[in-house]
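In what follows, a single structure is set out as structure tokens and then discussed.
Read the figures in this text as sums done on the coordinates, not as results from a lab. Keep in mind it's a predicted model, so treat the numbers as computed, not measured. Every residue, glycine among them, receives a Cβ derived from its backbone with ideal geometry; neighbour counts consider all protein chains shown.
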Amino acid sequence: MYSHTLFIVVLLLFSLCLHGCSPRAKGVLQYAEPDVGRVLASLGQYKSDLKSFKGVGRFRAVRGIGLKSSRLAWIGCQPQNLRVETLGPWGQPTLTFLINGPVFLLHSRQDNQHFEGDATVENLSDMLSIPVTGKDLFRLLSGQPPILPFHHAKIKTLSEEGRCLLSLHKKWGRLVEKIWLKDNAKTVEKVEVFDGWGDLRYRIVFGEYRQTESFWLPHRIEVSDKEGAVCSLMVEKFWTNMSVPEGAFVLEVAGSRPNHAGP
């Protein structure tokens, strides 16, 4: 009798032990570790599918004296042709910025002056306050995160809510970029870009995502660096894969006083 009772007690304790040690299915089955190749392919797919775009919104620059706000209109098409114009109170262009392949042109209609030069990081940084290439700016205004050249990538899950972190590295493991994603890696939440020494160059926060035709794109983009906020863009209207007018990325500046950027 005693041995039979002891057997029942041991059996019950063993069952409770198994129940307490068994893994919980919640989060493990629903939010499996994302595949880094699939995530990179998904980010690259937008680049392939989005042939052309245009948008209208409000741009705010938070540097210098006070807060500068202006209406902005832009149009772009592959591979990295871009035209951006600030608009006056009646919708007329006041400042035009063009990137046509490897070169850029900036034309001020108020004083009829223009700057032109190679679309290098050094030249564009003087105007945009952050070190970006023409390709980076193109991706940013098309609602996509800039993807810097990298050697290998890593990804890890941050929570059970489907958030994950994609890290891009150069050779020797040097970190060049971090990309935070949510909704099972379908939505880019934040991007941080680093220099070769691991110091932050700039940060981009994406928000207010909306379905734009067949694309899921942000309508709020905020840029900052280690010193604080740099600028923001609130997208009011956005169109994708429409026809681009001939000559959209060529600007005649006859009679203006040219200045050349760079050495």
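Based on the convex hull around the alpha carbon atoms, the stretch 31-258 presents an average projected area of 13.6 nm². Percent of Cα pairs in the stretch 127-240 per distance bin of 10 Å, from zero to the largest separation: 13, 44, 36, 7, 0. Computed as a quarter of the hull surface, the mean projected area of the alpha carbon convex hull for the stretch 94-185 stands at 7.9 nm².
Could you work out the relative contact order of the stretch 121-232? I mean the mean sequence separation of Cα pairs under 8 Å and 6+ apart, divided by the number of residues, in percent.
Dividing the mean separation by the residue count of the stretch 121-232 yields 15 percent.
In percent, rounded to a whole number, the relative contact order of the stretch 134-178 is 29, using alpha-carbon pairs under 8 Å and six or more apart.
When peptides 134-143, 209-218 are ranked by their average number of other Cβ atoms within 10 Å per residue, the highest-first order is 134-143, 209-218. If you plug the beta carbon distance of Asp183 and Lys154 into 1/(1 + (r/R0)^6) with R0 = 22 Å, you get a FRET efficiency near 0.65. Stokes-Einstein diffusion of the stretch 195-235 at 4 °C, 1.567 mPa s viscosity, Kirkwood radius from Cα pairs, rounded to a whole number: 112 µm²/s.
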